[in-house]
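**Q** Before I ask anything, here is the structure I am working with.
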Amino acid sequence: FTSLVVGVFAVYVAHTCWVMYGIVYTRPCPAAAAGAAAAGGCVWPYLARRPKLQLSVYTTTRSSIGAESNIDLVLNVEDFDIESKFERTVNVSVPKKTRNNGTLYAYIFLHHAGILPWHDGKQVHIVSPLTTYMVPKPEEINLLTGESATQQIEAEKQTNALDEPVSHWRSRLTLNVMVEDFVFDGTSLPADVHRYMKMVQLGKTVHYLPILFIDQLSNRVKDLMVINRSTTELPLTVSYDKISLGKLRFWIHMQDAVYSLQQFGFSEKDADEVKGIFVDTNLYFLALTFFVAAFHLLFDFLAFKNDISFWKQKRSMIGMSTKAVLWRCFSTVVIFLFLLDEQTSLLVLIPAGIGAVIELWKVKKALKMTVKWQGLRPKFQFGTYNDSEKKTEEYDAQAMKYLSYLLYPLCIGGAGYSLLNVKYKSWYSWLINSFVNGVYAFGFLFMLPQLFVNYKMKSVAHLPWKAFTYKAFNTFIDDIFAFIITMPTSHRLACFRDDVVFLVYLYQRWLYPVDKNRVNEYGECYEEKTKKKAHRE
């Protein structure tokens, strides 16, 4: 089954590479490549004529305009040079309709210099909303000293109002023009670029006008501003840069992918995390990120599969720290609730949720728990431990006794300090943050009982090493993702903490070589199986 999964994964990676090559590479018109000046079926670039252009940006509350009425000119760039990048900040008047939770649109025209856009038959334009709707982030307060009763009532009213999405201002507008003098084959125009193209007939040849593109991936949540009813002007940063055909096609596909995520129910914040991967990294690092993410997905699946197989077949808890299993379950659930409270990206949240479910199931196996239903009321029954398992529990309890002297004062002290000095949205937020800070800062201490049990038993044969190996690969991959995906700082530091713990496990594996007389992870002994086989013969 593992070989099948790896084979499917290899086919998927190869197919994705082929698709990416098809996006970046566009086949030019064969007749133009042969040197025919007026090759039939070819679509020629209008920019090759080097026309004198002008860039104009207008704003209006209407989604479509047919004349110059009810529009405001906010930026006019005469003698527009498509090869030169620029960035300008302008103040935009905010109409009353927009201040009352309405929408404001930007109309960007690229037309011949000295001619108004609506009088130019060879102008190109594109429309982009300058506003979007989002639920504002609730304000954080000091839970002990922050507010009086009256202020608390006002805060509760404000919190209820914040449940409704309101208009936010997009403070950035990023423009691109495809500058390559590329000759397209009219019989096989790429569908992604075709919808941005406007054709004109000039003599016997067909030309496509300049391809104007708005980079929506640059619109990040961090740049959004809440529009208040008293606001009359807001800043807008308009930036321009040229773009190649390959990058343009790639960017169009990425924008379509982000839009598809939102259609499937991803929030604006989740889509923003995906945007950050594309915008904040260069294309080469982006390609590396893709392969890293693909292998992370594969190792995640194999780790889950081997972990489940290990615990499904496990009949004995000899050599396994029950306290460590309980702690992993508690910490995984707390981390999931913390990520949920912080509205973290689904790229991090979904694997954490799956891991929490698996850890709960492992606790059931470790405690030998069975659930019997008496009508609608569940009845829990726990199994008994043999002498070897009780010996393991003694080592486990001994390790936890020493750890409790250090761990509990640190966690309580950290929770008290954060309550006095850090602001939170609610008491629940403080409680979850206190738990998760204890998990992240001192959680590795709860992995020590298993190391202590290994030391006392002088063996690591009882551990799920296949699952450990895949998780180790993912740990090192997480180190890379810690710098790419937006996540809380404590979660980022925890990725590096796991590296140290795994290195200790590796040292113990080297220190305690395999002993065939010892019980393995399934409660079986190699020597006993050999004797049974000889007896049957």
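The values are calculated or read from the model by the stated rules, or taken from the named source; none is laboratory data. From a predicted model like this one, the values you see are computed outputs, not experimental measurements. Using ideal geometry, Cβ is built from the backbone for each residue, glycine included, and neighbour counts are taken over all protein chains shown. Only protein heavy atoms, including side chains, enter the accessible area calculation; ligands, DNA and RNA are left aside. Shrake-Rupley method; radii C 1.70, N 1.55, O 1.52, S 1.80 Å.
**Q** Among the residues of the range 95-126, write down those that are over 33 Å from the mean Cα position of the chain (by Cα) and of a type in the set (V, I, T).
**A** I115, V124
**Q** Next question, about the same structure. Among what's in the range 183-219 and is within 19 Å of L110 (Cα to Cα), assigned to a loop (DSSP other than H, G, I, E, B) and among the hydrophobic types (A, V, I, L, M, F, W, C), pick the residue that is nearest to the chain's Cα centre (by Cα).
**A** Of everything passing the filter in the range 183-219, I211 is nearest to the chain's Cα centre (by Cα).
Matching residues to (1) open to solvent by 80 Å² or more (accessible area, probe 1.4 Å); (2) modelled with pLDDT under 85; (3) not assigned by the TED database to the domain that holds C42:
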{"residue": "P129", "(1), (2), (3)": "no, no, no"}
{"residue": "T150", "(1), (2), (3)": "yes, yes, yes"}
{"residue": "Q158", "(1), (2), (3)": "yes, yes, yes"}
{"residue": "T174", "(1), (2), (3)": "no, no, no"}
{"residue": "L189", "(1), (2), (3)": "no, no, no"}
{"residue": "R195", "(1), (2), (3)": "yes, no, no"}
{"residue": "L202", "(1), (2), (3)": "no, no, no"}
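**Q** Separate question: Search the range 423-439 for residues that are in the same structural domain as S331 (by the TED database) and modelled with pLDDT under 75 and pair each with any residue that is open to solvent by 60 Å² or more (accessible area, probe 1.4 Å) and of a type in the set (D, E, K, R) when their beta-carbon atoms are under 8 Å apart and the residues are at least 6 apart or on different chains.
**A** Short answer, once both residue conditions are applied: K423/E140; Y424/E140; K425/E139; K425/E140.
One line per residue, one yes/no per condition, for (1) at pLDDT below 85; (2) among the polar types (S, T, N, Q); (3) more than 18 Å from V183 (Cβ to Cβ):
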site	(1), (2), (3)
C17	yes, no, yes
T26	no, yes, no
G35	yes, no, no
S63	yes, yes, yes
E78	no, no, yes
Y105	no, no, yes
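**Q** I've got another one for you. Can you spot a residue in the range 216-223 that is in contact with a His (Cβ under 6 Å, 6 or more places away or on another chain) and surrounded by fewer than 19 Cβ atoms within 10 Å (Cβ to Cβ)? Even if it seems obvious, please write down each step before you answer.
**A** Of all residues in the range 216-223, those in contact with a His (Cβ under 6 Å, 6 or more places away or on another chain) come to none.
Checking the range 216-223: not a single residue is in contact with a His (Cβ under 6 Å, 6 or more places away or on another chain) and surrounded by fewer than 19 Cβ atoms within 10 Å (Cβ to Cβ).
**Q** Among the residues of the range 57-104, count how many are assigned to a loop (DSSP other than H, G, I, E, B) and touching an Asp or Glu at 6+ places or on another chain (Cβ under 6 Å).
**A** Initial filter on the range 57-104 (assigned to a loop (DSSP other than H, G, I, E, B)): 61-71, 81-85, 94-95, 100-104.
Retained after the next criterion (residues that are touching an Asp or Glu at 6+ places or on another chain (Cβ under 6 Å)): 85.
Adding up the residues that qualify gives 1.
**Q** Is it the case that K323 is open to solvent by 20 Å² or more (accessible area, probe 1.4 Å), part of a strand (DSSP E or B) and modelled with pLDDT under 80? Don't jump to the end; show me each part of the working.
**A** On the way: open to solvent by 20 Å² or more (accessible area, probe 1.4 Å): yes; part of a strand (DSSP E or B): no; modelled with pLDDT under 80: yes.
Judged against the criteria, K323 is not a match.
**Q** Of the residues in the range 352-399, how many are within 39 Å of the chain's Cα centre (by Cα) and open to solvent by less than 30 Å² (accessible area, probe 1.4 Å)?
**A** The total comes to 11.
**Q** Now a separate question. Among residues belonging to the range 244-287 that are at pLDDT 80 or above, buried (at least 16 other Cβ atoms within 10 Å of the Cβ) and among the aromatic types (F, W, Y), point out the one that is nearest to V135 (Cα to Cα).
**A** The selected residue is W251.
**Q** Additional query: Answer with yes or no whether F304 is within 23 Å of V460 (Cα to Cα) and open to solvent by 10 Å² or more (accessible area, probe 1.4 Å). Steps first, please.
**A** Working: within 23 Å of V460 (Cα to Cα): yes; open to solvent by 10 Å² or more (accessible area, probe 1.4 Å): yes.
So F304 passes the test.
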